[in-house]
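Each remark here refers to the structure printed beneath this line.
The values are calculated or read from the model by the stated rules, or taken from the named source; none is laboratory data. Treat the numbers as computed from the prediction; the structure is a model and nothing was measured. Cβ: placed from backbone, ideal geometry, glycine included. Neighbour counts: every protein chain shown. With ligands, DNA and RNA removed, areas are computed over all heavy atoms of the protein, side chains included. Shrake-Rupley method; radii C 1.70, N 1.55, O 1.52, S 1.80 Å.
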Amino acid sequence: MGEAHAYDVLVVGGGATGAGVLRDLARRGLRTLLVERGDYGSGTTGRYHGLLHSGGRYVAKDALAARECIAENRILRRIAPASIEDTGGYFVATPDDPDDYVDGFQAACIAADVDCEEIPVVEALRREPALNPGIRRVFKLPDGSVEPWQLIESNIADARAHGSDAWSYQRLVGMERDGDRIVAAMLRDERSGSLTRVTPRFVISCAGAWAGQIAAMVNVTVTMHPGKGTMLIFNQRMTDTVINRCHKSSDGDIMVPVHTVAILGTTEQRVEDPDQYEITRDEVAALIRQGEKLFPDLGNMRLLRAYAGVRPLYQPPAEVTAAAMKDGRQISRAHTVLDHGAMDGVENFVTIVGGKLTTFRRMAEDTVDMVCAKLGVTEPCTTADAILPNQVPGKTYWLGHRLADHEAEGGGDAGLLCECEFVTRPMLDDFLDRHPGCSLDDMRRGTRLGMGPCQGGFCTFRAAGVLAERAGHAGVADVAELADRAILGFLRERFKGTRPIAAGRQLQEQWMISGVYEGGLGVESLIEHETPEASREVVGAQR
Amino acid sequence: MTIAELIRDASEEAVGYSSDECIKCNVCLTVCPVARVTDLFPGPKYVGPQAQRFRTGRAQPVQVPGVPFALSPDVTVDYCSGCGLCTSACPAGVKIAEMNSQSRARMKAGKRPKLRDWGLGQTDLVGRVGVLFSPISNWALANRPIRAIMETTIGIHREAPFPKFGRRTLQSTWKRRQQRRGTAAVPGPERAIVYFHGCSANYYEQHVADAAIEILKRNGFETIIPEQVCCGLPLISNGIYTEARQRAHKNLDVLAPYARQGYRIIGTSTSCTHTIKAEYREMLDIHADDATVVANATWDICEFLLDLHEQGRLDTGFGRLDEDLPYHAPCQLRSHGIGLPAMELFALVPGLRAADMDHDCCGIAGTYGMKKEKYPIGMAVGAPLFDKIKASGAPEAACDSETCRWQIEKATGTRTRHPIEILLQAYRVADAAGGTKRGPLAAAGT
């Protein structure tokens, strides 16, 4: 272990909230370090349905959350357009949705400042012909979809430009407390095992569903109620508009078109440990049954995978009621900054809990406001005004851009490493230049490698070849071993998400891919020789 | 209408959703005759199910502000020749060729079509004008400087095969003939068929129509030729769907009443008949009952003759044709899924040594191979076929589709005829020898 690294603030957790906090602190002149135990956005941020909330989902139950959503929705469209697709959203009343909710919906939207316009059902069906033709009313709201990993990257890039740092694959393994202060934090490099000591003036936990584990390191109790949400990914968009059911939130009532796919969300189920959960086939079947109320033919459409995220739900202990314990949806989605100085006697430590991706910037602002007050910093927050790096004002994401760009370069399969998602060699090289030593799964989050219908079948060996080639140039001795491990690790991860949905075409696809890798390439022999480290799995399927 | 219903009806949306079925096995790529010869076309999987996931707005393309490509993210799909072999080969049931055609139409939607593409689509207009001024138009199309100018100005390759315009249209000839004969009662559907001549027999190759009418008569069927327009395929191929739909509806309005009475609709152009059988519904998204009724009543002429034979009703009194006959089955015929009926009919002709050239596509693919930028691709696609025909040394070849015949004749110098012209020749040989009918009817009398 070398010398301790001194920082003004240590941010724990590299999800959207952590990245937003890092950026805000950096822009206010505080030299900050963000640490993340895995890849950025590999926790809850990377496992949500991709929705940019208009706030419509919350107008009836949680007007505060609705107001925050629409305000942040407008800000994000301005500061991070490239990460947002302006799909628009429909709230549709199906024959199963009670009239009183539908009748009061528009007024509730207006009260919460959420733009809401009722449109004729025929117009909605013309634009989205796969919708249930039996829908009775349709409201149009400014929902959208968000690319979370790009958003995190932009925030981190801005923070770096302002003199701060972010380290991935650095797990916080302990913190030293001296009386009412945290004086040091110990990090372990998840790849090399080496330890690093950091001495921050202040610690902010943005660990979300894992916040309880971080607080426990300094004997502070934060009781999280992790809520598992399961989502299904469909092979292609059956809608270009976000479709919500206009009713009190329940399972399977939203479809979000994100990139090339459409994601059906979600469920709500309490889990004890945010790292240990499963997705059952029953859950998948139940989601589809509910989703069929929006899209009657959902059962015939091809599913690529199922995945789940864990919501960072929190309720102050006194208010935990038996009812809330039963259904996590009763807990406010609005966020809370826990001041551990006032609550627990640790003066330089706060935890941000609750919230949602749409409001990550506001969560960061509230948190940093509190921390700055404690540190005597008076700089105002500028994150709502400054456009993020690598963003062009007003230019939102367009689905066709990868195809159009590739065609402009001459097109063709030969230039594609991942044919399903149009990932080219220059795209991978660019990512690897910026993220040395990363895994194929990290490349997936950065480039969408392996996220299409073959789920890595035809790109895994190619991408592993790229990794090995680059490692060879960098002087790594056993590149074959490296490539083998990359292939195994990635295929395992990809196959895991397809297990709960394996049927029909996707099952055939899996058999064909198994045939290629086991029958053709002899992957079983790798499994025999693999090291315990290579077999370590991240629990819970990724997106 | 649910997606399941749409898929049953094989509609435009269902074609798009059929990309769900792709398992990326690449069989389509291995059968694609275009991707085999050029890098300009990345192959059916790429432009089909792969690119499909990046195309928004299936029903109505959504304009994205500030994005010039909103309607057309891709351009290479335009190099699909539309031969349809990918769709017939796909083990998973993806409607690849149909998807490509629709993507091309979407790509061209909102833009004015190129004069050339529009012109190549208007086979009936070109035919009418060409026939009207046939001496001049035939001279012009055979004139090298004029063809060179046509190539640079409108982009039709100077070497592209063009047929000769007839002196009058089949429609006008037929009307005259009818007038001369006077009005006779139209026989019922057991003794008459409705002939869909298409543009080639109407404007260029009346001899094909004459052969069809004579053979049908010989086998006990009168021919009815109602007023009709181009089937619309050249418009579909050139991405001009709106006009193609107008043509389709005109034809359906004329043909449906006949089909409902039980008349069979017979065509001598495999591409026209395939358009009526399949594309009105699959590509043009026409779901009126008329489209199904007419599709079910439509036959390729060789398919019909072979069916007669299978029922023991074909006059098999063919005379001897002692010759080698290279035969090319057009890609459009393969899409019918009816096998190679012409080959089975040739087998009934004594002495005739017909040989299936077993090549997937001659490269012309309708109007594809006529275009300046696609002519070399078309020639490369057809090269193995041309070599085989030339190597056979046969004096003539046979092929069911007109544009293929023109392409083969131009590329090989070998006269290429419709199978029914060969069959008619065999009948005439028998007549000249004073032969009698050798069908079961005749046999019953002996």
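Things worth noting here:
- Carbon-plus-sulfur accessible fraction, chain B (probe radius 1.4 Å, protein heavy atoms only): 56%.
- Overall form of the stretch A:401-529 per C-alpha gyration tensor (a/c, 1.5; a/b vs b/c): oblate
- For the stretch B:192-299, the list of chymotrypsin sites (Phe, Trp or Tyr not before Pro) that fall in a loop by DSSP and count at most 11 other C-beta atoms within 10 angstrom is empty.
- Of the GluC sites (Glu not before Pro) in the stretch B:224-287, those whose Cβ has at most 16 other Cβ within 10 Å and which sit in DSSP loop: B:Glu227
- Straight-distance candidates among the lysines for linking to A:Lys228, with alpha-carbon spacing under 24 Å and chain neighbours fewer than 8 residues away dropped: A:Lys61, A:Lys248, A:Lys293, A:Lys326, A:Lys356, A:Lys496.
- Between the stretch A:183-227 and the stretch B:245-276, the C-alpha centres lie 74 angstrom from each other.
- Taking θ as phi - 60° and the Karplus parameters 6.51, -1.76 and 1.60, the scalar couplings of the stretch A:28-42 work out to 8, x, 9, 6, 10, 10, 9, 10, 9, 6, x, 8, 4, x, 9 Hz in sequence order, x denoting glycine and proline.
- Under 18 Å from the B:Arg158 label point (7 Å along Cα→beta-carbon), backbone N, the stretch B:360-387: B:370-377, B:379
- A straight line joining the Cα centroids of the stretch B:297-359 and the stretch A:65-81 runs 69 Å.
- Within a straight-line Cα-Cα reach of under 14 Å, B:Lys108 can be paired with the following aspartates and glutamates, leaving aside sequence neighbours fewer than 8 residues apart in one chain: B:Asp74, B:Asp78, B:Asp117, B:Glu243.
- Loop sites in the stretch A:339-410: GluC sites (Glu not before Pro), DSSP, at most 13 other Cβ within 10 Å: A:Glu409
- Test item: A:301-311 mean partner chain Cβ contacts at 10 Å: 1
- In the context of the full set of protein chains, the stretch B:170-310 has a per residue accessible area of 37 Å² (1.4 Å probe).
- Scanning residues 5 or more positions from A:Met224 or on other chains, those with amide H under 5 Å from its amide H are A:Gly212, with H placed 1.01 Å from N in the peptide plane.
- Between the C-alpha center of the stretch A:387-403 and that of the stretch B:165-241 there is a gap of 57 Å.
- Contact order for chain B, expressed relative to its length and based on alpha carbon pairs under 8 Å spaced 6+ residues apart, stands at 16 percent.
- Remark: the stretch A:395-403, residue by residue, has Karplus-estimated 3J(HN,Hα) of 9, 7, 4, 10, 3, x, 5, 5, 5 Hz, where x stands for each Gly or Pro and the curve is 6.51 cos²θ - 1.76 cosθ + 1.60 at θ = phi - 60°.
- Amide H to amide H, with H built 1.01 Å from N, A:Phe349 comes under 5 Å of A:Val203, A:His340, A:Gly341, counting only residues 5 or more places away or on other chains.
- Tail weight of P(r) past 46 Å, computed on alpha-carbon pairs of the protein assembly as shown, percent: 40
- Pairs of Cα atoms nearer than 8 Å and 6+ residues apart set the relative contact order; for the stretch B:182-310 it is 27 percent.
- Between B:Lys108, B:Lys24, B:Lys372, the Gaussian network model of chain B with springs among Cα atoms under 10 angstrom shows the greatest mean-square fluctuation at B:Lys24.
- Bridge orientation summary for chain B: considering DSSP beta bridges with both residues in this region, about 5 percent are antiparallel.
- Per residue of the protein assembly as shown, the DSSP helices (runs of n ≥ 4 H) give a summed -39500 (n - 2.57) that works out to -11500 deg cm²/dmol at 222 nm.
- Solvent exposure of chain A as accessible area per residue, Å², 1.4 Å probe: 37
- Near A:Arg137, the amide H atoms lying under 5 Å from its own belong to A:Ala93; only residues 5 or more places off or on other chains count, and H is placed 1.01 Å from N.
- Evaluated over the Cα positions of the stretch B:115-154, the convex hull gives a direction-averaged projected area, one quarter of its surface, of 2.7 nm².
- Calculated log₁₀ intensity ratio I(q)/I(0) where the Debye formula runs over C-alpha points of the stretch B:225-338, q = 0.14 Å⁻¹: -0.63
- Environment charge of A:Tyr7, counting only residues whose C-beta is closer than 12 Å and scoring Lys/Arg +1, Asp/Glu -1: +1
- Chains B and A, summed buried accessible surface - 1.4 Å probe, Å², nearest 100: 3500
- Inter-chain Cβ neighbour average for residues A:503-510, partner chain, 10 Å: 3
- Rounded to whole numbers, the Karplus 3J(HN,Hα) couplings from phi for the stretch A:382-389 are 10, 5, 7, 9, 7, 5, 5, x Hz, using 6.51 cos²θ - 1.76 cosθ + 1.60 with θ = phi - 60°, and x at Gly and Pro.
- In the context of the full set of protein chains, residues of the stretch B:115-154 present 56 Å² of accessible surface per residue (probe radius 1.4 Å, heavy atoms only).
- Averaged over the residues of peptide A:390-402, the number of Cβ atoms from other protein chains lying within 10 Å of each residue's Cβ is 4.
- When each of the peptides B:405-411, B:127-133 is scored by the mean number of other C-beta atoms lying within 10 Å of its residues, the order from highest to lowest reads B:405-411, B:127-133.
- The protein assembly as shown: antiparallel DSSP beta bridges as a percent of all, rounded to 5: 55
- Acute angle (nearest 10 degrees) that the helix B:170-181 long axis makes with the longest principal axis of chain B, alpha-carbon atoms: 30
- Across chain A, the mean sequence separation of Cα contacts (distance under 8 Å, 6 or more residues apart), normalised by length, yields a relative contact order of 19 percent.
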